[in-house]
1. What shape does segment 129-246 take by its C-alpha gyration tensor, where a ≥ b ≥ c are the square roots of the eigenvalues and a/c under 1.5 counts as rounded, a/b above b/c as prolate, and the rest as oblate?
2. Taking only the alpha-carbon atoms of segment 20-92, what semi-axes of the equivalent ellipsoid follow from 5 times the gyration tensor eigenvalues under a square root, in whole Å, largest first?
3. Helix 46-55 versus the longest principal axis of the chain: what angle, 0 to 90°, nearest 10, using Cα atoms?
4. So what's the back-of-envelope 222 nm ellipticity for the chain, counting only DSSP H runs of four-plus at -39500 (n - 2.57) apiece and dividing by all residues, rounded to 500?
5. For segment 199-302, I need the span (max minus min coordinate) of the C-alpha atoms along each principal axis, in Å, sorted largest to smallest.
6. What whole-number distance in Å separates the alpha-carbon centres of segment 197-225 and segment 77-156?
7. Determine the distance separating the Cα centre of segment 226-279 from the Cα centre of segment 168-196; give it in Å without decimals.
8. Pick the calculated Rg/Rh (Cα atoms, Kirkwood Rh) for this structure from (i) 1.01; (ii) 0.93; (iii) 0.96?
């Protein structure tokens, strides 16, 4: 009988992190299945493998897991859909239909991705905010069946997709007027990403966005010092890890927080930096919008 070494990697990292089989496998597979995987008796399917590794804070690309032709096709489609989402392009309905129809029926992990992508497709193409939020909640319940505002702090290990879904639920809650719930969700994700051993590449995809959104939301509440601190944390993270997408937005928010604290002289250099970086990134439209906001709010021409 073949002995699969990937199980040893999962077992050793789970024990080192003091995570039980029940905690790690919750919503992903049964503890019995995880035991078989750890003992090298069973090779996990692609989505189960990715979920277990991500919950342990491990990268998946360094480990070989044999894929069926169906899993390979779905993996490629998932990559293409995710790429379009990162570019805010919502013309992937055909790809999503292929994802649903390729091979045999989807397992529950694949259904979660399908539901998540369906929700963002609906939200990106219409104003059906409540229905889109319902779909996101259905998506998170595939792997965290009891997820709610009251139970989310019990989540001890999350996949990147679970983090992404929760982040999108929070954004929608904010738009629906459920501001305090939205803020608490993002504060939970912030604490989770800062305290857990999570793959840096995965963290870099969402951590700056969470800090940016939080800085906006607490700034609206007049908590400008906290907004300033959140922006500083995000800027330092972007510099350390070379992540530029949200870098100028965080710099702008840092300047805005200073200006709202009546420290305009300190804010102006940050406004200049943000606009210059936007232009360097060839995002002239955002630079123009920032300059207008600065002029309208503080009567300063940058």
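Read the figures in this text as sums done on the coordinates, not as results from a lab. These figures come from a predicted structure and were not determined experimentally.
1. Details: a/c = 1.86, a/b = 1.25, b/c = 1.49.
Because a/c hits 1.5 or more and a/b fails to exceed b/c, segment 129-246 counts as oblate.
2. Values: eigenvalues 142, 42, 23 Å².
In descending order, the three semi-axes are 27, 14, 11 Å.
3. 60
4. Details: 15 runs with 210 residues, N = 302.
Using -39500 (n - 2.57) per qualifying helix, the result is -22500 deg cm²/dmol.
5. 43, 31, 18
6. 22
7. 21
8. The value matching this structure is (i).
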